[in-house]
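Everything below concerns the one structure shown next.
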Amino acid sequence: MTSPDLRDPALRDPALDAPTAGAATRLRFAAVRSRLRLPSAYRRPMAIVGFTIIALWFIVAIFVPWIAPFDPLAQQFDRLQPPGPVNWFGTDSLGRDVLSRTLYGARISLPLALILVVASAIIGSVLGAIAGYFGRAVDEVIMRVADLVFAFPTIILAMIVTAALGPSLTNAVIALLFVSWPSYARVMRSMVLGARSREYVVAGRLLGFSPFRSLQRDILPNVAAPVLVLATLDFGNAILLLSGLSFLGLGATPPTPEWGAMVADGVQNFSDWWLAAFPGLAIFTVVVAFNLVGDALRDSLDPRTAGAVQGVKI
Amino acid sequence: MKLPTRPARVTALVAIGLASVLAVSACTDNSVSTSSTGAADKTLVIDKSFDLKTSDPARAFELTGSIVDKAIYETVLDFNGSDVTKVVPGIATFEENADNTVLTLTMDGTHTFSDGTPVTADDIVFSLQRVQGIAGNPSFLLDGVTVAKVDDKTITLTSATSNPALPFILPNPSLGIVNSKVLKANGGTTGADDAAEAFLNTTSAGSGPYQLESYDVTTKVAFALNPNYAGTKPAYSRVVLENVEGPTQKINVQAGSAQVALDLNADQVQGMDSSVKVLKNASPYLIYSWYNQDPAVGAGVTDNADFVKAVRQGIDYSKLLSIAGEGSTQPGGMVPSMFLGAITSDPANVFDLTAAKASLAASGYSGEPVTFSYPNDITVNGLQMQTLAEAIQSQLKDVGITLTLAPSPISTFLDAFRAGKLQSGIMYWGPDYPDPADYLVFNPGESLGLRAGWAAGSDATVTAAADAASAASGDDARKTAYEAWQNAANATGPFIPVIQPGQYAVTTSEISTLDLNPVWTVDIADIK
């Protein structure tokens, strides 16, 4: 059966031939709405939950002096009081308000995790791009160093570096930077290896582009998405690693209200469950939220992986 | 094979079930024995977190090793209960010469080993020389001491220099007397070639109230009565010392599966139900704060006398005691409260915020950060050093002093501390023996003094007071001299005695007597 010929005037809808002013407005609105609408990957309930939690924590981190009920360092209450009307999350072994300390903890963990992820993504990507683009000896040297770092368990290597530099949050970030750049370098190298022989890159080179310009103009825009996905998924991991180092006494120095250090305090006073439960819950929510957002980002930027993960045929 | 009929199968199942229940009951022998009321077969179960390495007294210098050796071996001199200020006779009585260089031991001849042979002067000489010859952890206790037999009842211990602390050292369980004949037959010597440790870890060769029944460094040590013990027969015929961690000890003692728990901290003993008894004592461990006197390290801050005075007056000791829990105490000086020569308080170490601010103003301190170091992986009797450091930081902030906390693992910390490179901080000192002479290291030019940059000759008053204390003879004279030394050190020294944490023993209601002792923690033969 053949489809009706829409060129036949007798079969056309008159409204289509003479659109009214109202219909035109509706179309314009629809176009604007379509431009503003988030891709479907971001509109899944889990992604919205993730975005909301992250937004809330960033609001807390920015406005915590106005939100926190008490000074997080003031030893002004009775020790080890369980959650109650004054201290909603109870008090710790020095009589400090656990709620205020948990909220202030966001000011430590979130910015440091952000710095860590951004810095390791930049360092790893640059080194990976250089290795992938230039190949040969440069590739060998960079990737063997990456293999060397990969050969050790992440947290053990970070502990060694922090122990050597001395316990502090700055040194913890340096140590984690040292152990986390190779994963970005590997991803970026494999992407650049695939892209460098594409026609548009070769054409650019034939036009006389320098390697730097070729990488910046032709390759980077086409390989950035996977690195961005990896960075988002890595954010939760960064928070866990920073908290882990503080838990082991190698990160935050007291009395800084850092979540990992607070959990470590709680472990020493196991029967006082509120000491570890609330900072632990804070770590949990942030890590889960970033993983949800990372998943959404991956689905949006890399539909093939999304299909593989979700079993959807594309 | 033909299956049994249905009633026969049921009977077989019931029989198997009963057999299983009986077998399980038989395995839990502690509860069965514990419930027994006959004095002759009562079993005592003690929970302790083990740091056990050996039961050989000449090699053991750990807390658990001391409990084990105190039960198996007798010493030439002894302490009564928890009082370590007065030495009492053990296997022998003692006399010292005027300058405290020769200590004469006279045996009463009534003590016998578990194999029935009498304890002789040769056994004492062999045992003490063996401690020296093996050169193990406790050998320093007899450094510079020559042990010699005079006759069958008399032994002399001759020290190279005046040694008034020796009678307080001799009750240490590491100086327990072993059966020399049995030991020599099993590889025992008085030199580094001694090979009797393995034998002593399976068979005890002592004259103490108990003998070894079974021994495992990781799980438990069981003791049976020594039928030939010369002293009062213990209340329990069998004792099991179990390796159990603190939180589980709490459950065990509340459930009655152990009668004594020895490793609970202040927070864990809170809220115990009324079925158990909590014994609270001050621990012999001293937590002190120091301020480096070396200008190169102190940077003109901690080496300033007025600054140290401001810290002394700025620490709220009563607040620290409330954090440490009941049983903890503030020592007046560096000698812990239960030792000879201890002072209960000193006006220099009293919290006075106004006076502290005045002293700080006089010091010329202008708010520069002071690095405050401490080991962050150490707890002393369950009290975290980190908790104390954070509390002191907060208290001194009110005075106007800015402390920057510098936590580090104990191994890293000790390297820098021993080198005298740390500006200030807190640390602890556990007694090697219960005598104030053990604390003379906190003097100018001595090992601990140098860690605080307190060089020899830098404080003539304190040095003179320390020399006088070291030379004093007789309990009264020594007590007075050590008190004067501590007062002098509190006035100008860099060390501030901060706190002695509490030490706790939790028992079931059936235990009526238990003494905590700073040297051997608990004498299990004295538990009733």
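The values are calculated or read from the model by the stated rules, or taken from the named source; none is laboratory data. It should be emphasised that the depicted structure is a prediction, and the values quoted were computed from it without experimental measurement. Counting neighbours? That spans all protein chains shown, and the Cβs are built from the backbone with ideal geometry, glycine included.
Could you list, in sequence order, all residues of segment B:393-425 that are over 21 Å from A:Thr256 (Cα atoms), modelled with pLDDT of 90 or more and out of contact with any Gly (no Cβ under 8 Å at 6 or more places or on another chain)? B:Ala416, B:Arg418, B:Ala419, B:Lys421, B:Leu422, listed by residue number.
Consider segment B:397-455 and keep the residues that are more than 14 Å from chain A (Cβ to nearest Cβ) and hydroxyl-bearing (Ser, Thr, Tyr). The one that is surrounded by the fewest Cβ atoms within 10 Å (Cβ to Cβ) is B:Ser447.
Scanning segment A:225-256 for residues that are in contact with an Asp or Glu (Cβ under 7 Å, 6 or more places away or on another chain), within 14 Å of chain B (Cβ to nearest Cβ) and in a helix (DSSP H, G or I) gives a single hit, A:Ser246.
Whenever a residue of segment A:249-271 is among the β-branched types (Val, Ile, Thr), its partners that are modelled with pLDDT under 85, lying with C-beta atoms within less than 7 angstrom and at least six residues away or across chains, give the pairs A:Thr253/A:Pro167; A:Thr253/A:Ser168; A:Val263/A:Phe247. Might you let me know whether segment A:81-99 holds any residue that is within 30 Å of B:Asp415 (Cβ to Cβ) and of a type outside the set (A, V, I, L, M, F, W, C)? Yes; the residues of segment A:81-99 include at least one that is within 30 Å of B:Asp415 (Cβ to Cβ) and of a type outside the set (A, V, I, L, M, F, W, C).
Somewhere in segment B:114-121, is a residue in a loop (DSSP other than H, G, I, E, B) and either at pLDDT below 90 or not assigned by TED's automatic domain parsing to the domain that holds B:Ala205 (or both)? Checking segment B:114-121: not a single residue is in a loop (DSSP other than H, G, I, E, B) and either at pLDDT below 90 or not assigned by TED's automatic domain parsing to the domain that holds B:Ala205 (or both). The residues of segment A:257-266 that are within 13 Å of chain B (Cβ to nearest Cβ) and assigned to a helix (DSSP H, G or I), listed by number, are A:Ala261, A:Met262, A:Ala264, A:Asp265, A:Gly266.
Return yes or no: is B:Pro494 within 22 Å of the chain's Cα centre (by Cα) and away from chain A (no Cβ under 14 Å)?
Taking the combined requirement at face value, the residue does not satisfy it.
Could you tell me whether segment B:469-483 includes any residue that is in contact with a strand residue (DSSP E or B) (Cβ under 7 Å, 6 or more places away or on another chain) and either at pLDDT 95 or above or buried (at least 20 other Cβ atoms within 10 Å of the Cβ) (or both)? No, there is no match, as no residue in segment B:469-483 is in contact with a strand residue (DSSP E or B) (Cβ under 7 Å, 6 or more places away or on another chain) and either at pLDDT 95 or above or buried (at least 20 other Cβ atoms within 10 Å of the Cβ) (or both). For segment A:57-115, the tally of residues that are within 14 Å of another protein chain (Cβ to nearest Cβ) and of a type in the set (S, T, N, Q) stands at 5.
Check segment B:207-220 and report whether any residue there is assigned to a strand (DSSP E or B), free of Cβ contacts under 8 Å to residues at least 40 places away in the same chain and of a type in the set (D, E, K, R). Within segment B:207-220, one or more residues are assigned to a strand (DSSP E or B), free of Cβ contacts under 8 Å to residues at least 40 places away in the same chain and of a type in the set (D, E, K, R).
The set of residues in segment A:267-288 being within 12 Å of another protein chain (Cβ to nearest Cβ), of a type outside the set (S, T, N, Q) and under 11 Å from A:Asp92 (Cα atoms) consists of A:Asp272, A:Leu275. In the set (1) within 11 Å of chain A (Cβ to nearest Cβ); (2) touching a strand residue (DSSP E or B) at 6+ places or on another chain (Cβ under 8 Å); (3) in contact (Cβ under 8 Å) with a residue 24 or more places away in the chain, B:Thr387 fails one condition alone, (2).
Return yes when B:Gly327 is assigned to a loop (DSSP other than H, G, I, E, B), without any contact (Cβ under 8 Å) to a residue 12 or more places away in the chain and among the small types (Gly, Ala, Ser) and no when it is not.
No.
Against the test of being within 25 Å of the chain's Cα centre (by Cα), surrounded by fewer than 23 Cβ atoms within 10 Å (Cβ to Cβ) and within 14 Å of chain A (Cβ to nearest Cβ), the options B:Gly231, B:Gly246 yield a single qualifying residue, B:Gly246. For segment B:368-384, the tally of residues that are within 11 Å of chain A (Cβ to nearest Cβ), surrounded by 20 or more Cβ atoms within 10 Å (Cβ to Cβ) and in contact (Cβ under 8 Å) with a residue 60 or more places away in the chain stands at 2.
Please go through segment B:261-289 and give me each residue that is buried (at least 20 other Cβ atoms within 10 Å of the Cβ), hydrophobic (A, V, I, L, M, F, W, C) and either in contact with a Leu (Cβ under 8 Å, 6 or more places away or on another chain) or in a loop (DSSP other than H, G, I, E, B) (or both), ordered by number. Across segment B:261-289, the qualifying residues are B:Leu262, B:Leu264, B:Ala266, B:Ile287.
Residues in segment B:330-361 that are free of Cβ contacts under 8 Å to residues at least 60 places away in the same chain and surrounded by 21 or more Cβ atoms within 10 Å (Cβ to Cβ) were compared, and the one that is nearest to B:Thr85 (Cα to Cα) is B:Ala356.
Here's the yes/no breakdown for (1) out of contact with any helix residue (DSSP H, G or I) (no Cβ under 8 Å at 6 or more places or on another chain); (2) farther than 14 Å from B:Ala505 by Cα; (3) within 14 Å of chain A (Cβ to nearest Cβ):
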residue: B:Ser204; (1), (2), (3): no, yes, no
residue: B:Ala255; (1), (2), (3): yes, yes, no
residue: B:Ala258; (1), (2), (3): no, no, no
residue: B:Ala266; (1), (2), (3): no, no, yes
residue: B:Leu279; (1), (2), (3): yes, no, no
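Taken over segment A:252-276, the criterion of being under 27 Å from the mean Cα position of the chain (by Cα) and of a type in the set (D, E, K, R) is satisfied by A:Glu258 alone.
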